[in-house]
Amino acid sequence: MKKVIKINTAGLNTKKFTIKLVEKRKIGIYSLGQGKFKVYEMTCPHMGGDLCNGMINKNTIQCSWHGYLFSLVSGNFIENPSLKGTKSARIKSLFYDPQNSEDENLSLKSIDYKIIDKNLILEI
Ligand code: FES
């Protein structure tokens, strides 16, 4: 059964990422400014790493498990820095096509919200 969660936006600074524990779930809130936010599950879409241990740098988060980098603005996969520079050296096989990697389709799982009276209202 879903619960309605209310989070006051007053403490959420623009262009900052805030991690909260709500109903035993870790969620990340990125404030885009002008009353707009992105709310994410803190589980990496690659293999389930805990993004709470990730490295946040301006508007990106890097998973601590395999280094995948995601945009906090869009939630989209940006790159896997550990493979940077090796993509052209990687060989296409039956199971892997470096020009059409499924990793590029990964994105952070976002949570829908409403804003009522300067509060984020989530149903989780
Ligand atoms: S589980 Fe996050 S990069 Fe692999």
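Placing one identical point scatterer on every Cα of the chain and ignoring solvent, what is log10 I(q)/I(0) from the Debye formula at q = 0.13, 0.18, 0.19, 0.22 Å⁻¹? Debye output, listed in q order: -0.56, -0.93, -1.01, -1.26. Put in order of Cβ neighbour count within 10 Å, fewest first, the listed residues K20, K58 become K58, K20.
Spacing of the modelled spin labels on M47 and V4, each 7 Å from Cα toward Cβ, amounts to 4.1 nm. Compared with the alpha-carbon gap, the fully stretched path from S107 to I78 is longer by 9.5 nm at 0.36 nm per residue. The protection proxy used here, the mean number of other Cβ atoms lying within 10 Å of each residue, ranks peptides 72-79, 61-68 as follows, highest first: 61-68, 72-79. Listed as lacking a disulfide-compatible partner in the chain: C52, by the criterion of no other cysteine Cβ under 4.7 Å.
Taking a sphere under 14 Å around the Cβ of K15 and counting the other residues whose Cβ falls inside, with K and R at +1 and D and E at -1, yields a net charge of +4. Full extension of the segment from Q99 to M55, taken as 0.36 nm per residue of separation minus the current Cα-Cα distance, would add 13.1 nm.
Around the amide H of T60, modelled in the peptide plane, lie the amide H atoms of L72, all under 5 Å away and 5 or more residues distant in sequence or on another chain. For a straight C-alpha distance cut-off of 16 angstrom, the lysines reachable from K15 (same-chain residues fewer than eight places away being disregarded) are K36, K38, K58. Which residues does a label at A89 reach in region 46-82, if reach means a backbone N under 13 Å from a point 7 Å past the Cα toward the Cβ? From region 46-82, the list is 82. Counting other Cβ atoms within 10 Å as a rough exposure proxy, the listed residues Y96, Y113 run Y96, Y113 from fewest neighbours to most.
Taken together, the values in this text are just the output of simple stated rules run on the coordinates, not laboratory data. For clarity, every value in this text was computed on a predicted model and none was experimentally measured. Cβ sites come from the backbone with ideal geometry, for glycine too, and all protein chains shown count toward neighbours.
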